[in-house]
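The values are calculated or read from the model by the stated rules, or taken from the named source; none is laboratory data. Predicted, not measured: the structure shown is a model, and the values here were computed from it. Using ideal geometry, Cβ is built from the backbone for each residue, glycine included, and neighbour counts are taken over all protein chains shown. Accessible surface is based on the protein model in full, side chains and every heavy atom, while ligands, DNA and RNA are left aside. Shrake-Rupley method; radii C 1.70, N 1.55, O 1.52, S 1.80 Å.
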Amino acid sequence: MLEGIKEVVIDADCDQKYIVAEVIGGDNKKIVVRGDVWCKYHKDIFSLLKRELNGIAVGVVCLGGGRINMNSSNKVIRVYDLSGEYGVEPDREQTVRMIKLAFPDFEVSFSRW
């Protein structure tokens with residue numbers, strides 16, 4: 001049920017807000033990362049994710065978030081800051097591992113917040 005949901009979706013070449021969420025589908029759970037340069041607030045990204053999952057997942061919980069800066073020309077991604085609404089996700093290192101899998105040619109660094 002959750003197999004078709006991408007783990008990481010972020011906008012390229014920009015500084016953007018992102019969230020980490022747990023998606024629930026029956027007995028299965030999946031952690032996803034979503035970033036969006038056009039959303040002013042983290043809750044707006046969460047609303048987009050809920051619309052994306054409508055009819056696919058039975059539930060979704062926002063675990064936290066922050067900011068991502070992606071520079072494609074230098075192949076660098078930096079994960080930092082926290083969400084004023086949701087706080088920082090419980091395992092930022094897991095978030096970074098997920099981003100590294102999605103962008104294997106990039107150097108990914110992070111700060112706890």
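Would you check which residues across segment 39-61 are farther than 20 Å from GLY4 by Cβ and either open to solvent by 90 Å² or more (accessible area, probe 1.4 Å) or part of a loop (DSSP other than H, G, I, E, B) (or both) and list them?
CYS39, LYS40, TYR41, LYS43
Looking only at segment 80-93, count how many residues are surrounded by 15 or more Cβ atoms within 10 Å (Cβ to Cβ) and among the small types (Gly, Ala, Ser).
Count: 2.
Have a look at ILE77, ILE5, ILE31 and point out the one that is within 23 Å of SER111 (Cα to Cα) and open to solvent by less than 20 Å² (accessible area, probe 1.4 Å).
ILE77
When segment 94-113 is examined, which residues are found to be open to solvent by 40 Å² or more (accessible area, probe 1.4 Å), within 19 Å of ILE45 (Cβ to Cβ) and either in contact with an Asp or Glu (Cβ under 7 Å, 6 or more places away or on another chain) or not in a strand (DSSP E or B) (or both)?
GLN94, ALA102, PHE103, TRP113
Return yes when LYS43 is of a type in the set (Lys, Arg) and touching a residue at least 60 places away in the same chain (Cβ under 8 Å) and no when it is not.
Spelling it out, it is not the case that LYS43 is of a type in the set (Lys, Arg) and touching a residue at least 60 places away in the same chain (Cβ under 8 Å).
Do you know which residues across segment 13-28 are in contact with a Gly (Cβ under 9 Å, 6 or more places away or on another chain), more than 18 Å from ASP81 (Cα to Cα) and not acidic (Asp, Glu)?
VAL23, ILE24, GLY25
When VAL58 is evaluated against the numbered criteria (1) in contact with a Gly (Cβ under 8 Å, 6 or more places away or on another chain); (2) modelled with pLDDT of 95 or more, which criterion, by number, is the only one it fails?
(2)
Would you check which residues across segment 57-113 are in contact with a Lys or Arg (Cβ under 7 Å, 6 or more places away or on another chain) and among the aromatic types (Phe, Trp, Tyr) and list them?
TYR80, PHE106, PHE110
How many residues, within segment 17-38, are part of a loop (DSSP other than H, G, I, E, B) and either closer than 17 Å to GLY4 by Cα or touching a strand residue (DSSP E or B) at 6+ places or on another chain (Cβ under 7 Å) (or both)?
3
Please work out if GLY65 is assigned to a strand (DSSP E or B), in contact with a Ser or Thr (Cβ under 9 Å, 6 or more places away or on another chain) and not aromatic (Phe, Trp, Tyr).
For GLY65, the condition - assigned to a strand (DSSP E or B), in contact with a Ser or Thr (Cβ under 9 Å, 6 or more places away or on another chain) and not aromatic (Phe, Trp, Tyr) - is met.
It is to be established whether one or more residues within segment 49-63 are in contact (Cβ under 8 Å) with a residue 12 or more places away in the chain and basic (Lys, Arg).
Within segment 49-63, none of the residues are in contact (Cβ under 8 Å) with a residue 12 or more places away in the chain and basic (Lys, Arg).
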